[in-house]
Structures are given as structure tokens and as C-alpha cells.
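Visitor: One structure is given below, represented as C-alpha cells, and several questions about it will come after.
The values are calculated or read from the model by the stated rules, or taken from the named source; none is laboratory data. In this text the structure is predicted, and so the values were computed from the model without any measurement. Note: ideal-geometry Cβ built from the backbone for every residue, glycine included; neighbour counts use all protein chains shown. Please note that ligands, DNA and RNA were not included when accessible areas were found on the heavy atoms of the full protein model with its side chains. Shrake-Rupley method; radii C 1.70, N 1.55, O 1.52, S 1.80 Å.
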Amino acid sequence: MTDKLDNIDREILKILQKDAKTVAKSIAQELGLTKTPVYERIKRLEQDGFIKNYVAILDKDKIEESITVFSFVSLETQKGAMMDEFFEDVKSYPEVVECFVVGGEFDFLLKVVVKNLDAYYDFAKFKIASLPSIGSVKSAFVLNEVKNDTNFPLL
């Protein structure tokens, strides 16, 4: 799919990743282009699915205290139906902000954000560990966030 992106598309995406509220006129000025072709390129990037959504990135520390936990989850067996059921359950849990299918010792890596350790204990016990297909759950608690970048590295 990346063969559809030329250098101008990539520059537009870089700018929008830094600030999605940047208007086509400003992008055009920065790239030495006119507004109309930049606007048309942005619309095409949206329609072709290169731009999935525009979001506001919140400063979670200003909103309320929370902890981030990475949960490494293994299923008892890796049957398709069990995995599908796990996917659907995980998607319904607001505490899970990211979920990855991984290779190696574990089947899934969950990024979980909760208010405190008690809330994580309840989440792990009553939501994740209570699922019928779960084999094991191991947790790693984030002590300090060194880097959290939402930008995809457009090389």
C-alpha cells in the first residue's frame, strides 16, 4: 500500500501526525504548494484509509491518577474460537487500551490503564482470569513512562 504514497503525501502525514488541526493552507505554505491540491491529497489519504481518524491526545496525569500495566496473557489452547472469544471480551473492557497478538512465550500483550493497584487486581481477577480460555496472566507495572509517541515513523 505504501507505493500509493509519494514524498508530498508523506510530508502531509508527518505534519498531521504532529497536529491534526493543521489546516490545508498552513500545510501548503510549509510545503511550498497551493491549498487546493493539499486539501485534495488529504481527502484522498482519508478515503484510502491512510488516515484512520483524528483524535485528541489527553494528558492523563492532569485528568486523574492512574497506573499502566502490561499484562502478558496465555490461553490454555490456541483454538480459533477461543481466540475470537478472547478478542471480543478484550474489546469490551475499557481498561484495555491496546491488545496485541504476540509470538513467543505468551499469546497476547495487553496495555491496561486503571486507577490503582486495587482496580488492577479486580480487573485481572474478575475480567481476565475469569475467562474460560485463560491459561495464565503475568503483569508488569509501569514505574515511569520514558517515551509515549503516537507518531508512526514515516521514513
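Visitor: Given the criteria open to solvent by 30 Å² or more (accessible area, probe 1.4 Å) and part of a strand (DSSP E or B), does LYS127 qualify?
Guide: Here the answer is no, as LYS127 does not meet what is asked.
Visitor: Of all the residues that make up segment 33-45, how many are over 13 Å from ILE15 (Cβ atoms) and either open to solvent by less than 50 Å² (accessible area, probe 1.4 Å) or outside any helix (DSSP H, G or I) (or both)?
Guide: 1
Visitor: Checking LEU117 against (1) open to solvent by 60 Å² or more (accessible area, probe 1.4 Å); (2) in contact with a Lys or Arg (Cβ under 8 Å, 6 or more places away or on another chain), which test does it fail?
Guide: Of everything listed in (1) open to solvent by 60 Å² or more (accessible area, probe 1.4 Å); (2) in contact with a Lys or Arg (Cβ under 8 Å, 6 or more places away or on another chain), LEU117 misses just condition (2).
Visitor: When you check ALA129 against the structure, is it in contact (Cβ under 8 Å) with a residue 40 or more places away in the chain, out of contact with any Cys (no Cβ under 8 Å at 6 or more places or on another chain) and small (Gly, Ala, Ser), yes or no?
Guide: No; evaluated as a whole, the condition is false for this residue.
Visitor: Determine if segment 1-12 includes at least one residue that is under 17 Å from SER133 (Cβ atoms) and modelled with pLDDT of 90 or more.
Guide: Just the residues of segment 1-12 that are under 17 Å from SER133 (Cβ atoms), to begin with: none.
For segment 1-12, residues under 17 Å from SER133 (Cβ atoms) and modelled with pLDDT of 90 or more: absent.
Visitor: Now, a different point. Out of the residues in segment 130-144 meeting the condition of being among the aliphatic types (A, V, I, L, M) and more than 12 Å from TYR93 (Cβ to Cβ), tell me which one is most open to solvent (accessible area, probe 1.4 Å).
Guide: Among those that are among the aliphatic types (A, V, I, L, M) and more than 12 Å from TYR93 (Cβ to Cβ), it is LEU143.
To keep it simple, each residue is scored yes or no on (1) exposed (fewer than 14 other Cβ atoms within 10 Å of the Cβ); (2) in a strand (DSSP E or B); (3) charged (D, E, K, R); (4) without any contact (Cβ under 8 Å) to a residue 12 or more places away in the chain.
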{"residue": "ALA20", "(1), (2), (3), (4)": "yes, no, no, no"}
{"residue": "ALA28", "(1), (2), (3), (4)": "no, no, no, yes"}
{"residue": "GLY49", "(1), (2), (3), (4)": "yes, no, no, yes"}
{"residue": "TYR54", "(1), (2), (3), (4)": "yes, no, no, no"}
{"residue": "LEU58", "(1), (2), (3), (4)": "yes, no, no, yes"}
{"residue": "VAL69", "(1), (2), (3), (4)": "no, yes, no, no"}
{"residue": "ASP84", "(1), (2), (3), (4)": "yes, no, yes, yes"}
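Visitor: Please specify each residue of segment 1-18 satisfying the condition of being under 19 Å from the mean Cα position of the chain (by Cα) and open to solvent by 80 Å² or more (accessible area, probe 1.4 Å).
Guide: Hit for segment 1-18 is LYS18, nothing else.
Visitor: LYS111 passes all but one of (1) among the charged types (D, E, K, R); (2) open to solvent by 70 Å² or more (accessible area, probe 1.4 Å); (3) closer than 30 Å to LEU16 by Cβ; (4) touching a residue at least 12 places away in the same chain (Cβ under 8 Å); which number fails?
Guide: Of (1) among the charged types (D, E, K, R); (2) open to solvent by 70 Å² or more (accessible area, probe 1.4 Å); (3) closer than 30 Å to LEU16 by Cβ; (4) touching a residue at least 12 places away in the same chain (Cβ under 8 Å), only one is false for LYS111: (2).
Visitor: Can you tell me how many residues in segment 71-82 are over 20 Å from the mean Cα position of the chain (by Cα), modelled with pLDDT of 90 or more and either part of a loop (DSSP other than H, G, I, E, B) or not hydroxyl-bearing (Ser, Thr, Tyr) (or both)?
Guide: Qualifying residue count, segment 71-82: 1.
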